[in-house]
Amino acid sequence: MNIFEHRPETAPTTDDGSTRAETLLLATHNLGKGRELAQALAGLPYRVVTLAEQGIRATIEEVGATFEENAILKASAYAAMSGLLTLADDSGLEVAALGGEPGVHSARYGGPSLDDAARNTLLLERVRDLPPAQRAARFVGVIALAEPGGKPVVFRGTCEGTLALAPRGTNGFGYDPVFIPQGEQRTMAELSLEEKAALSHRGKAIAQARAWLAARGGGQR
Ligand code: ITT
C-alpha cells in the first residue's frame with residue numbers, strides 16, 4: 001500500500017540542483033493512519049518520508065497515561081533515531097460507558113492476537129446491553145512534532161459520535177466501521193477519505209499541525 005497518493009516524484013530543487021525542502025519524518029507503522037496523514041500534509045514545503053523509507057523498524061513502548069504523553073514519546077524517540085523533524089500521532093476511541101476505554105489502549109484492546117475486526121466485535125459485545133443514550137463515543141487524536149533534542153509541540157483533535165449496532169463499511173481502518181460521527185447516519189468506514197478528513201479527530205489535529213509547519217517554513221536549514 002502506497003500511503004502517498006499526492007507526493008510528487010521528486011522534492012523541489014534549487015537552481016544548483018540541491019534539495020530545497022526540509023525532510024519531515026512521518027513516524028507511524030499504521031498504514032491507515034499514515035495514508036490520512038500523508039494526504040493531509042500534501043502541498044507543504046517539506047519532503048515527507050516514512051519510517052519504512054528510513055529503514056526504521058523499531059517500535060516505541062507507549063507507556064504514557066495520555067495521548068499527549070505517547071505522541072511526544074514517539075515523536076521524540078523517532079526524531080532522535082533519525083535526526084529529522086518528526087511527526088507522530090497517538091489516537092484512540094473513548095467510550096464513556098466503559099470508563100473511557102479503549103482509550104490509550106485502543107491499538108491492543110483485547111490483547112495483541114486480535115485484529116481490527118475482532119476488536120470491533122469485542123467492543124460491540126461489551127456495550128451490547130446499553131441503551132442508545134449510553135453508546136456515546138469519541139475519537140481522540142494527538143499529533144506531536146519534535147526536532148532532535150528539541151521541545152515537542154502537540155495538537156489535539158476530537159470527533160464525537162456513537163457506536164453502531166454492527167460494523168458497516170470498508171474504508172478507513174481500526175474502529176471506523178463501528179463509529180457513527182455526530183450528524184451522520186453512516187459509519188466512519190462508509191465515508192470517503194476526504195469526508196473523513198473533514199470531520200475526524202485526525203483531520204482537526206493535522207490542520208493545526210499543518211498551520212504550525214507552514215508558519216515554521218520547510219526550506220533548507
Ligand atoms: P503507530 O503507533 O505506529 O502510529 P498504532 O496503530 O499503534 O500505530 P496508536 O498507538 O496511536 O497507533 O493506536 C491508535 C489505535 O486507535 C489504532 O490502532 C486504531 O485501532 C484506533 N484509531 C485511531 N485513529 C483511528 C481512526 O481514525 N479510525 C479508526 N480507528 C482509529
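The values are calculated or read from the model by the stated rules, or taken from the named source; none is laboratory data. If you're wondering where the values come from, they're calculated on a predicted model, not measured in any experiment. With ideal geometry, Cβ positions are generated from the backbone for all residues, glycine too; neighbour counts draw on all protein chains shown. Protein only, heavy atoms only, side chains kept; ligands, DNA and RNA dropped before computing areas. Shrake-Rupley method; radii C 1.70, N 1.55, O 1.52, S 1.80 Å.
Residue by residue, here is whether (1) within 12 Å of the ligand (Cβ to nearest atom); (2) open to solvent by 30 Å² or more (accessible area, probe 1.4 Å); (3) outside any helix (DSSP H, G or I) holds:
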residue: Gly64; (1), (2), (3): yes, no, yes
residue: Met81; (1), (2), (3): no, yes, no
residue: Thr86; (1), (2), (3): yes, no, yes
residue: Leu93; (1), (2), (3): yes, no, yes
residue: Gly100; (1), (2), (3): no, no, yes
residue: Ser106; (1), (2), (3): yes, no, no
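When you scan the range 189-215, how many residues do you find that are surrounded by 14 or more Cβ atoms within 10 Å (Cβ to Cβ) and free of Cβ contacts under 8 Å to residues at least 24 places away in the same chain?
Within the range 189-215, residues that are surrounded by 14 or more Cβ atoms within 10 Å (Cβ to Cβ) and free of Cβ contacts under 8 Å to residues at least 24 places away in the same chain number 4.
One residue is enough: does the range 56-77 have a residue meeting the conditions over 20 Å from the mean Cα position of the chain (by Cα) and not hydrophobic (A, V, I, L, M, F, W, C)?
The answer is no, given that none of the residues of the range 56-77 is over 20 Å from the mean Cα position of the chain (by Cα) and not hydrophobic (A, V, I, L, M, F, W, C).
Among (1) more than 16 Å from the chain's Cα centre (by Cα); (2) outside any loop (DSSP other than H, G, I, E, B), there is one condition Pro112 misses while meeting the rest; what is its number?
(2)
Within the range 169-188, can you find the residues that are touching a Gly at 6+ places or on another chain (Cβ under 8 Å) and open to solvent by less than 40 Å² (accessible area, probe 1.4 Å)? Steps first, please.
The initial filter retains those residues of the range 169-188 that are touching a Gly at 6+ places or on another chain (Cβ under 8 Å), namely 172-174, 176-177, 179-182, 184, 186-188.
Across the range 169-188, the qualifying residues are Gly174, Asp176, Pro177, Phe179, Ile180, Pro181, Thr187, Met188.
Looking at the range 78-101, which of its residues are over 18 Å from the mean Cα position of the chain (by Cα) and among the β-branched types (Val, Ile, Thr)?
Selection gives Val95 alone.
Which residues, taken from the range 155-173, are in contact with a Leu (Cβ under 8 Å, 6 or more places away or on another chain) and in contact (Cβ under 8 Å) with a residue 60 or more places away in the chain?
Correct list: Leu163, Gly172, Phe173.
So, in the range 150-168, exactly how many residues are of a type outside the set (Val, Ile, Thr), open to solvent by 40 Å² or more (accessible area, probe 1.4 Å) and either within 13 Å of the chain's Cα centre (by Cα) or at positive phi (or both)?
Final tally of qualifying residues: 1.
Please go through the range 26-62 and give me each residue that is in a strand (DSSP E or B) and more than 12 Å from the ligand (Cβ to nearest atom), ordered by number.
Tyr46, Arg47, Val48, Val49
Given the conditions (1) open to solvent by less than 70 Å² (accessible area, probe 1.4 Å); (2) more than 13 Å from the ligand (Cβ to nearest atom), which single one is not true for Glu147?
Just one mismatch for Glu147, condition (1).
Does Ala58 satisfy the condition of being surrounded by 23 or more Cβ atoms within 10 Å (Cβ to Cβ) and out of contact with any Cys (no Cβ under 9 Å at 6 or more places or on another chain)? It would help to see each step written out before you state the result.
Numbers: surrounded by 23 or more Cβ atoms within 10 Å (Cβ to Cβ): no; out of contact with any Cys (no Cβ under 9 Å at 6 or more places or on another chain): yes.
When the stated conditions are applied, Ala58 does not pass them.
Collect the residues in the range 119-135 that are within 15 Å of Gly92 (Cβ to Cβ) and either exposed (fewer than 14 other Cβ atoms within 10 Å of the Cβ) or aliphatic (A, V, I, L, M) (or both), keeping them in residue-number order.
Matches in the range 119-135: Leu122, Leu123.
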